[in-house]
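Please read the structure below before turning to the comments.
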């Protein structure tokens with residue numbers, strides 16, 4: 001792995017950890033807020049899935065593109 005691939009991998013790990021700690025939650029006034037996971041509001045699972053999918057997509061594309069360019 002080159003430095004760019006490692007950078008994208010670290011980005012994915014940090015972004016996933018932050019998203020796991022602050023999942024999107026539905027608050028009483030019908031808003032979606034990114035609150036600490038210890039709050040008792042229900043998690044918005046669709047938005048959480050879409051965020052994880054976007055993180056994986058960006059990191060995967062970054063790793064793949066840099067692999068092809070630096071071989």
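The values are calculated or read from the model by the stated rules, or taken from the named source; none is laboratory data. Since the model is a prediction, treat every value here as computed from it, not as a measurement. Here the Cβ positions follow ideal geometry from the backbone for every residue, glycine too, while neighbour counts run over all protein chains shown.
Restricting to the range 20-33, name every residue that is in contact with a strand residue (DSSP E or B) (Cβ under 8 Å, 6 or more places away or on another chain), outside any strand (DSSP E or B) and at pLDDT 95 or above.
Start the filter on the range 20-33 by keeping residues that are in contact with a strand residue (DSSP E or B) (Cβ under 8 Å, 6 or more places away or on another chain), which leaves 22-27, 32-33.
Narrowing further to those that are outside any strand (DSSP E or B): 22-23, 27.
Hits for the range 20-33 are 22, 23.
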Within the range 35-52, of all residues that are out of contact with any strand residue (DSSP E or B) (no Cβ under 8 Å at 6 or more places or on another chain) and farther than 16 Å from residue 18 by Cα, the one modelled with the highest pLDDT is 46
